[in-house]
1. Given a 10 angstrom Cα cut-off, can you work out which residue in ILE216, ILE146, ILE40 is the most mobile in a GNM of the chain?
2. Viscosity 0.692 mPa s, temperature 37 °C: give me the Stokes-Einstein translational D for the stretch 212-354 in µm²/s, with Rh taken as the Kirkwood radius over C-alpha pairs.
3. Would you look at the GNM of the chain, springs on alpha carbons closer than 10 Å, and say which of GLU103, GLU72, GLU227 moves the most?
4. Where the Cα atoms of the stretch 43-166 are projected onto their three principal axes, how long is each span, largest first, in whole Å?
5. Jot down the radius of gyration and Dmax of the chain, Cα atoms only, both in angstrom.
6. To one decimal place, what Kirkwood hydrodynamic radius in Å is obtained for the stretch 188-227 from all pairs of distinct Cα atoms?
7. In whole angstrom, and with the biggest value first, how far do the Cα coordinates of the stretch 160-233 range along each principal axis?
8. Top mean-square fluctuation among ARG75, ARG322, ARG167, Gaussian network model of the chain, C-alpha springs under 10 Å?
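None of the figures in this text is laboratory data; all of them are computed from the coordinates on show. Just so we're clear, the structure is a prediction, and the values are computed from it rather than from any experiment. Please note: Cβ atoms are built from the backbone with ideal geometry, for glycine as well, and neighbour counts cover all protein chains shown.
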Amino acid sequence: MSNATITKNEAGASSLRQARLPRWTLPALVVVSAAAGAGIGTAAGLGNTLQWGLIAAVLFILGSYGLAAAVEGGRQAKDRLATSLVWVCFVLAVVPLVSLIWETVERGKTVLDGYFLNHSMEGVQTILPGGGAYHAIIGTLEQVGIATLIAAPIGLLTAIYLVEYGRGRLAKAVTFFVDVMTGIPSIVAGLFILSFWIIILGFSYSGFAGAMALAILMMPVVVRSTEEMLKLVPNELREASLALGVPKWRTILKVVLPTAVGGITTGVMLAVARIAGESAPIVLLVFGAAGINNNPFDGAQSSLPYYIYEQWQLGNEASFNRAWAAALVLIAFVMILNLVARGIARWKAPKTGR
């Protein structure tokens, strides 16, 4: 091969190589944008760091697009623009969450200890330090547990019907009412149970009444999440089972549900997290109790959301600390539920190894 041919090939290969920004460019641009945002915010008299962050985000997006357009070309610049927008939106979504958790931990840890977790507000003056949320924790566990026992089987069976059997007008009607129930306010569910269970049937206010209202809020979430998980199961698995002569109910029980159990469990946990923080039905149906009531079927009973609301309304430093501590307990409760859901999903997921 002649030297002219080699030179030509090298020139063609070099023309195919597109100029790229160094790897350190974007981290450096983040630092420069943050510094510029702080400088512009200070010069403009903006004392809120959130405003500085928004200015820095805009500068980062514009800077990444401009640098990519100048060095890498228009197509790569558009890709950089989309990537920058995704990262900025991610940060904007995470910052409030991290800020909320940080603030809750900082304020809640002042009174969160063993005494707080093992004592109620029975006989405690609300303007003084002391007392705890043991009665509210018991109420939350019982009410959410009963609501889950009611809503999870009904929601699971409804989703199985819609995916595996549902045809015609009845399936459309069920789907419509599930969609309607997804958007109803919690106060409406509480009013329904109040009018039906207490006013018409004459039962008393209790934790069970609140649990029924929570079950109404939980049911459509379970139905929707389970329905989507069942739709993701490949039809080939169903057809292979049916081809072997396995009845349809057994195919659903032994093939479909085990395949989707991870997503179903996650959906149920999301539904539990949806109802764990509800206070409106509890205010209407359960009231609040300063003492411990272990019987959810008789008498007033507290819960963590109602306890937080109640303590914050008192308006003094001691009650504020108790409210923050209870909020921290509630967040920990939801996080533990999610960790348990992930563990169950990993344990029950189909094995892919040979």
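1. In the Gaussian network model the winner is ILE40.
2. 182 µm²/s
3. GLU72
4. Sorted from largest, the Cα extents of the stretch 43-166 read 70, 58, 21 Å.
5. 28.3, 101
6. Taking the inverse mean of 1/r over all distinct Cα pairs, the stretch 188-227 comes out at 10.7 Å.
7. In descending order, the Cα extents are 44, 23, 18 Å.
8. Result for the chain, Cα springs under 10 Å: ARG75 fluctuates most.
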